[in-house]
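First comes the structure, then the notes that go with it.
The values are calculated or read from the model by the stated rules, or taken from the named source; none is laboratory data. All figures in this text were calculated on a predicted structure; none of them were measured in a lab. Cβ atoms come from the backbone with ideal geometry, glycine included; neighbour counts cover every protein chain shown. Accessible surface is based on the protein model in full, side chains and every heavy atom, while ligands, DNA and RNA are left aside. Shrake-Rupley method; radii C 1.70, N 1.55, O 1.52, S 1.80 Å.
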Amino acid sequence: MAFEVMEKDLLGRIGRLTTKTGVVETPMLLPVVNPLVQPLTPKTMEIDFDCQAIIANAYLLKKNFGEEVTARGIHDFLGFNRVVMTDSGAYQILVYGDVDVNPMEITQFQEDIGSDIAVILDVPTGWNVPREKAKYTVEETLRRARLTLQSLTRNDILWVGPIQGGNHLDFVAHSAVSIGEMGFQICALGSPTQVMERYLFSVLVDMVLTAKQNTPFEKPLHLFGAGHPFMLSFAVAMGCDLFDSAAYALYARQDKYMTDYGTSRLRIMEYFPCSCDVCRKYTPKDLREMPSRERERLLARHNLSTIFSEIRRIKQAIREGRLWELLELRGRSHPSLLDALKRLQGYRRFLEVHSPSSKGRGVFFFDATGLARPAVLRHQIKLFKWQPPRDYRVLVFLPPSTSKPFHRSREVKRILRSVEDAIEDVDPIHFCVYAAPFGVVPLELDDVYPLSQFEASFPLDAETKDYVIDQVRTYILSGNHGCTSVVLHAEDDAFGEQLIRECEDACSKKGLLFLTSEVTEKTWSKRPVESLVSRISSALKNVNVKDE
Ligand SMILES: [Zn+2]
């Protein structure tokens, strides 16, 4: 296998990709170099940025320097001794219509110049094209893919199979299945550039995850044209391992300054929020006063170092199991990225299946977008399969205590003690806590990671409240046959009121007795606790307090 996964978090992974020139660590961004226009030379990238790999356009190389590159080999020609990937020129097709080269010539050329990673000459679908045209691009790309693989004369190059279909997700799925079955070492999602330029990140989520769901999980996935640091964490979290981009240079030419949360314009900047060698040495004003070539070079340096530091931040987040928290942070840098975060909800099942189970780190829950994280669904599934204590007759719901694990908190211990003091046989009582984001947490389980290792922000938003209530309802409705009553210790607020109404409704559907303790502002103080104990006692006797 050319690709070995070392660490995982969500669908993101730190991997080692072996090429004929060397091993590179993913996730990795390959900066696009163009020998005709280059603010930063490949040598600079290697020495100053410790860049592991770069990418050049085979079509432009062939057109402008064909014989020289073939004679010297791509590494010597570019002056870069590490891994070199070549793209076929498909992007030029997207922009200029057609290119005057046939697919087999480009394949042959990439073999001749000794690329480490090479891409077939595919036909990019582009954004929002009619179905007929999208279909053609998919079928023609597949036809070329088969031809290319048949015509290869060396076996030490990693070949990339591009998935097309654009925003026609059924075509993306079909294309992904077909490309995944062929002998490519790397799969790639084509033509997302226009989607990203339009900030349609939720569409990107659909495209990437459709591709990911339909390709072999163990193969690396390349995302073409992704190079803005503020969205890379999303791409990695969705299972993309490789990226290529010229954005660092294109932005620099337009006096655009990249940050990990967006783009600034040099024209209006007074301070640099960065400590790279450029930003330490110069002010925005210094750069504005420079000749444009020099300014472009320095901005390209800053942009590239911002991209690389974001990649390191993503890798560290994967190691710590905190990639979701990074998405929450980046999701707040632009509303369209928040759209993307919200869109992940639709793929929570797929995320749950493929995410590693635990890194032991605490879960930070901010708002309803966090309900999509795998730990939440995992608990829901686990709870569904879990066998509650046998023969419980009374189900008691408590609000979350201030400390965790709940069963060891001062508040819950006090309740348990009071119950034991007042009631002889406590075995038929089953205690659960209703708490965001996990919904229902039986006290028997609250030691299990991460049910005690989380912090939630209060007050909860409406969607999260609905989720918790829904989980409580489901737990009541799917409960033990022997259960006769439900006792709720609710808090004195709108959420408490809503919870009472919904529990009452679920109980009446199931024919259970429903009792609530006295609701006051001080949930854990003496009176409400006494009232709770008395309700539990009534429930055990299956007597409605109103009848007593
Ligand atoms: Zn900087």
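Which of the numbered conditions does S264 fail, given that it passes all the others? Conditions: (1) more than 16 Å from the ligand (Cβ to nearest atom); (2) among the polar types (S, T, N, Q); (3) open to solvent by 30 Å² or more (accessible area, probe 1.4 Å).
Checking S264 against (1) more than 16 Å from the ligand (Cβ to nearest atom); (2) among the polar types (S, T, N, Q); (3) open to solvent by 30 Å² or more (accessible area, probe 1.4 Å), the one that fails is (1).
Taking segment 380-419 as the search range and keeping residues that are part of a helix (DSSP H, G or I) and open to solvent by less than 10 Å² (accessible area, probe 1.4 Å), which one is farthest from V433 (Cα to Cα)?
Ranking the qualifying residues of segment 380-419, first place goes to V419.
Regarding segment 211-225, can at least one residue be identified that is in contact with a helix residue (DSSP H, G or I) (Cβ under 9 Å, 6 or more places away or on another chain) and on the phi > 0 side of the Ramachandran plot?
Yes, segment 211-225 has at least one match.
State all residues of segment 235-250 that are open to solvent by less than 50 Å² (accessible area, probe 1.4 Å) and either among the β-branched types (V, I, T) or in a helix (DSSP H, G or I) (or both); if no residue qualifies, say none.
Selection gives A235, V236, A237, A247, Y248, A249.
Hey, does segment 297-304 have a residue that's near the ligand (Cβ under 9 Å from one of its atoms), small (G, A, S) and either open to solvent by 10 Å² or more (accessible area, probe 1.4 Å) or under 28 Å from D241 (Cβ atoms) (or both)?
no
Could you list, in sequence order, all residues of segment 41-61 that are assigned to a loop (DSSP other than H, G, I, E, B) and over 21 Å from F224 (Cα atoms)?
T41, D50, listed by residue number.
When the residues of segment 267-285 are narrowed to those that are open to solvent by 60 Å² or more (accessible area, probe 1.4 Å) and more than 9 Å from the ligand (Cβ to nearest atom), which ends up nearest to H334 (Cα to Cα)?
Top of the filtered list is I268.
Based on this model, can you work out whether I314 counts as outside the structural domain of F454 (by TED's automatic domain parsing), away from the ligand (no atom under 16 Å from the Cβ), open to solvent by 40 Å² or more (accessible area, probe 1.4 Å) and of a type in the set (A, V, I, L, M)?
It is false that I314 is outside the structural domain of F454 (by TED's automatic domain parsing), away from the ligand (no atom under 16 Å from the Cβ), open to solvent by 40 Å² or more (accessible area, probe 1.4 Å) and of a type in the set (A, V, I, L, M).
Would you confirm whether any residue within segment 29-49 is at pLDDT 95 or above, within 28 Å of the chain's Cα centre (by Cα) and open to solvent by 30 Å² or more (accessible area, probe 1.4 Å)?
Yes: one or more hits.
Yes/no matrix, rows are residues, columns are (1) outside any helix (DSSP H, G or I); (2) open to solvent by 70 Å² or more (accessible area, probe 1.4 Å); (3) out of contact with any Phe, Trp or Tyr (no Cβ under 8 Å at 6 or more places or on another chain):
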{"position": "D492", "(1), (2), (3)": "yes, yes, yes"}
{"position": "L499", "(1), (2), (3)": "no, no, no"}
{"position": "C503", "(1), (2), (3)": "no, no, no"}
{"position": "K509", "(1), (2), (3)": "no, yes, yes"}
{"position": "V519", "(1), (2), (3)": "yes, no, yes"}
{"position": "T523", "(1), (2), (3)": "yes, no, yes"}
{"position": "R527", "(1), (2), (3)": "no, yes, yes"}
{"position": "E530", "(1), (2), (3)": "no, yes, yes"}
